[in-house]
Amino acid sequence: MNIKRVGIVANSDKEKAAEYSLRLGRWLSDRGLDVFFEEEIAGKLNVPGVSRNDLASAVDMIVVFGGDGTLLMAAHIVMGSDVPVLGINLGEFGFMTVVNLNEMLGTMEMILKGECGISRRMMLSVSVEGAEYPVLNDVVINRGNLSRMVNLETFVDGKYLSTFKADGLIVSTPTGSTAYSLSSGGPIILPELDSIIINPICPHTLTKRPIVLPPDSVIEVIVWTKKGEAFVTLDGQDLFVLKSGDRVGIRKSKNHINLVESPHRDYLEILRTKLGWGELP
């Protein structure tokens, strides 16, 4: 990576976000790099800011301070470009924000020397209400806060799979396999294995299990509800209301996201430490 211009995005509600954003900005400037603060954190620092829509075209890399939710937002900023994103963890789990605060400057040194790898992450393209939307983690269709089940008639490549009678349905990428899908009993898929996971949420029939599909699969879900409405949520950020009979189309996106890998630990170590594998009770 030839990095000359760095954008900084942060969850300004996090306690240390402003402090470390400013510290990194000064460190980069001292080394002759141009620094661009996204306008939200720039407002906290009282410095000039760049809008989210303009940030990707202005920089060679984006650094994100926050948790995985903040990184998901940043992923949408760089959509359609090859600008890599580095996540610095201010949250809890941080499966995508893989660098800790005490590793920040050392990691940046290695990035500037070209010593850090890139993880190319598959994305989904979701059709809702006649428009297409990008998704990095997951698509969730459910009944919201109501306790009634929803019927989700599901097709793969035009062939009928099943009608899931459940609280909802998660359709996930490998990146999203460690998010809501994992807590709903879904498998962990390594990011290198492009695939799509279909995972019912609390299905009424216990034999309904998660299924892993090839990445070029085309999924269509028809929502059937007896009363009220259902909802579809994209990456936990965009929410749409669905009526009975509405359809949601899901397929692999032509876009992808480049995440900077941690130089200090591999993905298996991240899984092991974040999930507490092997720890004594």
Worksheet item: Out of all the residues in segment 217-247, which are modelled with pLDDT of 90 or more and loosely packed, with under 14 Cβ neighbours inside 10 Å?
Response: Leu239, Val241, Lys243, Gly245
Response to the item:
The one condition Gly158 fails out of (1) surrounded by 14 or more Cβ atoms within 10 Å (Cβ to Cβ); (2) in contact (Cβ under 8 Å) with a residue 24 or more places away in the chain is (1)
Worksheet, complete the sentence: Given the conditions (1) assigned to a loop (DSSP other than H, G, I, E, B); (2) modelled with pLDDT under 95; (3) not aromatic (Phe, Trp, Tyr), every one holds for Lys165 apart from (1)
Worksheet item: Do we find a residue being in contact with a Gly (Cβ under 6 Å, 6 or more places away or on another chain) and more than 19 Å from Leu259 (Cα to Cα) anywhere in segment 42-65?
Response: yes
Item to complete: Go through the residues of segment 84-94 one by one and say whether even a single one is among the acidic types (Asp, Glu), closer than 28 Å to Tyr180 by Cα, surrounded by fewer than 23 Cβ atoms within 10 Å (Cβ to Cβ) and free of Cβ contacts under 8 Å to residues at least 24 places away in the same chain.
Response: no
Worksheet item: Does Ser253 satisfy being farther than 28 Å from Arg143 by Cα, surrounded by 12 or more Cβ atoms within 10 Å (Cβ to Cβ), in contact with a strand residue (DSSP E or B) (Cβ under 8 Å, 6 or more places away or on another chain) and hydroxyl-bearing (Ser, Thr, Tyr)?
Response: no
Fill in: Output for segment 112-149, where each listed residue is in a strand (DSSP E or B), among the charged types (D, E, K, R) and within 20 Å of Thr163 (Cα to Cα)
Asp138
Discussion item. Considering only segment 60-71, I want to know if a residue exists there that is free of Cβ contacts under 8 Å to residues at least 40 places away in the same chain and among the acidic types (Asp, Glu).
Written reply: no
Worksheet item: Restricting to segment 169-205, what's the tally of residues that are touching a residue at least 40 places away in the same chain (Cβ under 8 Å) and touching a helix residue (DSSP H, G or I) at 6+ places or on another chain (Cβ under 7 Å)?
Response: 3
Worksheet item: Which pairs have Cβ atoms under 9 Å, sit 6 or more apart or on different chains, and link a residue in segment 206-233 that is farther than 16 Å from Val128 by Cβ and touching a residue at least 60 places away in the same chain (Cβ under 8 Å) to one that is acidic (Asp, Glu) and surrounded by 14 or more Cβ atoms within 10 Å (Cβ to Cβ)?
Response: Pro215/Asp194; Trp224/Glu153
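Out of all the residues in segment 191-198, is one or more more than 17 Å from the chain's Cα centre (by Cα) and modelled with pLDDT of 90 or more?
For segment 191-198, residues more than 17 Å from the chain's Cα centre (by Cα) and modelled with pLDDT of 90 or more: absent.
Determine whether segment 240-261 contains at least one residue that is part of a loop (DSSP other than H, G, I, E, B) and within 30 Å of Cys116 (Cβ to Cβ).
Yes, some residue in segment 240-261 is part of a loop (DSSP other than H, G, I, E, B) and within 30 Å of Cys116 (Cβ to Cβ).
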Fill in: helices (runs of 4 or more DSSP H) wholly inside segment 1-111 containing at least 3 residues that are of a type outside the set (A, V, I, L, M, F, W, C) and either more than 24 Å from Arg121 (Cβ to Cβ) or touching a Cys at 6+ places or on another chain (Cβ under 8 Å) (or both)
17-30, 39-45
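Any idea which of Ala10, Ala58, Ala42 is buried (at least 22 other Cβ atoms within 10 Å of the Cβ) and either touching a strand residue (DSSP E or B) at 6+ places or on another chain (Cβ under 6 Å) or of a type in the set (Lys, Arg) (or both)?
Exactly one of Ala10, Ala58, Ala42 is buried (at least 22 other Cβ atoms within 10 Å of the Cβ) and either touching a strand residue (DSSP E or B) at 6+ places or on another chain (Cβ under 6 Å) or of a type in the set (Lys, Arg) (or both), namely Ala10.
The values are calculated or read from the model by the stated rules, or taken from the named source; none is laboratory data. Quick caveat: nothing in here was measured; it's all calculated off a predicted structure. Note that each Cβ is placed from the backbone with ideal geometry, even for glycine, and that neighbours are counted across all protein chains shown.
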